[in-house]
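So the structure is just underneath, and the comments pick up after that.
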Amino acid sequence: MDIGGLETVVANSAYVSARGSLDGNAVATMRDKKMRARLKLPHIKQCEHMKATVDSAFDSMCVKQPVGKRLFQQYLEREASHKTAGELWKDMEDYNTAQETDRLQKAQKMVNKYYDSASKSFCSFLEEKAVSRVKEDYKNTRGDLFKESEQQLLKHLEADALGGFKNSMYFLRYVQFKWLEGQSVTEEWFMDFRVLGKGGFGEVHACQMRATGKMYANKKLNKKRLKKRKGYEGAIGEKRILAKVHSRFIVTLAYAFQTKQDLCLVMTIMNGGDLRYHIYNVDEKNPGFNEPRACFYTAQIICGLEHLHQYRIIYRDLKPENVLLDDAGHVRLSDLGLAVELPPDKDKTKGYAGTPGFMAPELLQNKEYDYTVDYFTLGVTLYEMIAAKGPFRNRGEQVENSEVTRRILSDPVSYPDKFSVDCKALCEGLMEKDPLKRLGFKNNCCDELKNQPFFKELNWGRLEAGMLTPPFVPDPKTVYAKDIGDVGAFSTIKGVVMDDKDTEFFNDFASGNIPIPWQEEMIETGVFGELNIWPENGKLPDDLDP
Ligand code: ADP
Ligand code: MG
Ligand code: MG
């Protein structure tokens with residue numbers, strides 16, 4: 001074996017063994033004890049001043065933020081007058097994520113306990129209509145059985161329990177966690193593992209948050225290269241958009257920080273490689289996917305696009321290379337560097353952005369466009385998953401971009417025999433040259449698209465809840481990335497001088513922890529449980545004693 005090959009083997013084995021620590025109790029043993037000891041709650045005196053300014057809106061604090069929600073639920077459990085509402089809430093969540101086969105039994109118990117006026121746990125805050133609908137419907141085990149009840153429950157809790165929570169010691173604990181969350185982040189908190197891929201401005205490495213043991217991907221953007229190639233706007237745009245969206249079909253940003261050389265985006269690690277690799281490199285003699293597999297990925301991509309479009313974000317760079325697999329074989333959209341957010345007063349944008357062979361006709365013609373361009377790229381991506389070649393380029397063909405553009409604008413797409421009727425129809429609906437006739441995002445959703453015959457076997461509700469079993473599960477011992485020597489090096493950048501303006505931009509970018517993913521990490525890795533200690537006797541813990 002040559003030195004490059006050996007280097008890859010060593011790097012892979014360090015990375016595979018760190019990655020193994022992701023699940024279960026192993027994580028605690030993979031932590032760096034010194035760094036873990038630095039994650040501790042301050043005495044309340046040190047952060048009391050934050051009580052008035054901390055985010056304490058009901059929906060954000062008690063529902064969306066995982067730590068806030070836990071503490072709010074602990075408060076409900078302890079208060080006799082809210083105990084039942086808290087139990088109903090937890091039972092609803094349990095029902096929503098349960099297997100279909102377990103739902104009837106769970107629903108039956110809940111109906112008896114909370115919906116029967118003779119029960120001592122009857123929830124009188126639920127409106128009569130909602131109560132009778134659940135009683136009539138529960139045998140159908142629908143996914144959204146408790147949707148209406150949940151809205152009423154949350155409204156009730158906001159009106160009746162929020163005030164009490166804010167006067168309780170659980171809220172003080174929330175303030176302590178928000179203080180900890182707001183501490184600055186530097187590179188010493190992370191340990192880099194092998195390179196996973198190469199981006200335009202730097203490498204992407206596997207990395208581990210030292211204090212919790214959680215694995216992430218660290219996308220580095222070299223400061224000099226960013227300045228030289230005028231990448232500031234794209235970088236801050238990517239960061240802002242990633243921090244805003246929270247979907248299981250889009251990579252999540254957990255930290256943004258800086259080092260002397262780089263800006264760093266710490267994101268969900270996607271260990272299973274990208275779709276381009278799986279289409280072409282896993283089975284080179286037989287490239288491409290069968291239709292059920294392509295259907296599953298296409299559906300998950302649609303959910304990611306729908307989420308972006310609901311946030312008024314146009315992705316513009318959908319292609320197999322930007323769709324990444326996780327350990328279980330679910331996919332997420334990544335690389336939001338070309339995404340744009342439409343301002344509230346505008347419904348279209350302009351500008352040449354994307355990858356040759358994927359860009360929609362209206363974009364290539366320099367017209368104004370909106371979300372429609374992402375459904376054209378979806379059509380190209382689906383076509384490539386099946387055909388193992390682009391619709392406007394033959395495999396290995398050397399062809400000018402201008403010729404690819406000409407084909408996109410004027411040539412019909414031809415379909416190899418292996419396309420089914422439904423798959424071909426969907427590709428045609430998506431690669432429709434006229435954006436007005438194209439399938440896509442209508443009335444703020446993708447329902448028309450989801451109802452196409454190609455998806456007739458697919459349960460969208462279960463897919464959206466992450467409950468469908470993926471058609472392919474990546475091997476946990478395989479590293480789905482190029483050998484280190486094949487990733488390619490960057491040339492050195494010369495003649496770039498930084499000034500105050502640059503520093504200001506870097507500080508703005510390096511805003512630290514992103515609240516929801518940071519809180520998720522604390523809970524998932526057990527750190528929240530270790531820090532959130534209450535004395536048995538119901539007294540105030542020392543760190544909350546004024
Ligand atoms: P750029 O915007 O510069 O093209 P990308 O975001 O596409 O950078 O990242 C470059 C490469 O790094 C990707 O093609 C992929 O191989 C790898 N990569 C990026 N993000 C992740 C991630 N979250 N998990 C695993 N690998 C990733
Ligand atoms: Mg990329
Ligand atoms: Mg990019």
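Where a number appears in this text, it was derived from the coordinates with a stated rule and is not lab data. Quantities reported herein were computed from a predicted structural model and do not represent experimental measurements. Glycine gets a Cβ as well: all are built from the backbone with ideal geometry, and neighbour counts include every protein chain shown.
For Lys214, list long-range residues whose amide hydrogen, built 1.01 Å from N in the peptide plane, is under 5 Å from its own amide hydrogen.
The answer is Met209.
Out of Val413, Ala107, Asn459, whose Cα points farthest toward the positive end of the dipole of the chain (charges: +1 Lys, Arg; -1 Asp, Glu; placed on Cβ)?
Of the listed residues, the answer is Val413.
Taking 0.36 nm per intervening residue step and subtracting the Cα-Cα distance, what contour gain separates Ser132 from Asn112 on full extension?
So the extension gain works out to 5.9 nm.
Rg(Cα) of region 292-430 divided by 2.2 N^0.38 Å?
Against the compact-globule rule of thumb, the ratio is 1.04.
Could you sort out which of Lys90/Lys219; Lys319/Lys424; Lys147/Lys424; Lys45/Lys244; Lys346/Lys501 sit more than 28 Å apart by Cα distance in this structure?
Correct reply: Lys90/Lys219; Lys147/Lys424; Lys45/Lys244; Lys346/Lys501.
If each of Glu148 and Thr97 carries a label point 7 Å out from its Cα toward its Cβ, how far apart are those two points in nm?
2.6
Please report, largest first and rounded to whole Å, the three semi-axes of the ellipsoid equivalent to region 169-222, where each semi-axis is the square root of five times an eigenvalue of the C-alpha gyration tensor.
Its equivalent ellipsoid spans semi-axes of 30, 12, 9 Å.
Just want the answer: with Cβ charges of +1 for Lys and Arg and -1 for Asp and Glu, which residue in Ile533, Val497, Ser168 is farthest toward the dipole's positive end in the chain?
About the Cα centre, the residue reaching furthest to the positive side is Val497.
With +1 assigned to the C-beta of every Lys and Arg and -1 to the C-beta of every Asp and Glu, and no other charges, what is the dipole magnitude of the chain about the Cα centre in debye, to the nearest 20?
For this selection, approximately 640 debye.
Tell me the net charge near Ile533. Cut-off is 13 Å between Cβ atoms, Ile533 excluded, with +1 for each Lys or Arg and -1 for each Asp or Glu.
It works out to a net charge of -1.
Going highest first, how would you order 499-507, 111-119 by mean Cβ packing within 10 Å?
Ranking the peptides 499-507, 111-119 by packing returns 111-119, 499-507.
Can you list residues from other chains, or at least 5 along the same chain, whose modelled amide H is less than 5 Å from the amide H of Glu432?
Long-range HN contacts for Glu432: Leu439.
Calculate one ³J(HN,Hα) per residue across region 480-492 by plugging θ = phi - 60° into the Karplus curve 6.51 cos²θ - 1.76 cosθ + 1.60, and present them in order as whole Hz with x for glycine and proline.
8, 8, 4, 4, 3, x, 8, 5, x, 9, 9, 7, 6
List, in order, the whole-Hz ³J(HN,Hα) value for each residue of region 123-134 obtained from phi through the Karplus relation with A = 6.51, B = -1.76, C = 1.60 and θ = phi - 60°; use x for Gly and Pro.
Per residue, the Karplus-derived 3J(HN,Hα) values read 9, 6, 6, 6, 6, 3, 4, 5, 4, 6, 5, 5 Hz.
Per residue, what volume in Å³ does the convex hull of the Cα atoms of region 183-279 enclose?
Each residue corresponds to 118 Å³ of Cα convex hull volume.
Taking a quarter of the surface of the convex hull around the Cα atoms of the chain, what do you get in nm²?
Averaged projected hull area, Cα only: 29.7 nm².
From the mean inverse distance of alpha carbon pairs (Kirkwood) and the Cα radius of gyration, derive Rg over Rh for region 409-470.
So for region 409-470, dividing Rg by the Kirkwood Rh gives 1.03.
Scan around Ala254 for amide H atoms under 5 Å from its own, H built in the peptide plane at 1.01 Å from N, and keep only partners 5 or more places away or cross-chain.
Excluding prolines and chain starts, which carry no amide H, the hits are Val266, Met267, Thr268.
Show me, for region 5-11, the HN-Hα J-couplings you get by feeding each phi into the Karplus relation (A = 6.51, B = -1.76, C = 1.60, θ = phi - 60°), rounded to Hz, glycine and proline as x.
Taking θ as phi minus 60°, the curve returns x, 5, 4, 5, 4, 5, 4 Hz for region 5-11.
Please report, to two decimal places, log10 I(q)/I(0) for region 77-182 at q = 0.13, 0.17 Å⁻¹ as given by the Debye formula with identical point scatterers on the Cα atoms and no solvent.
-0.54, -0.82
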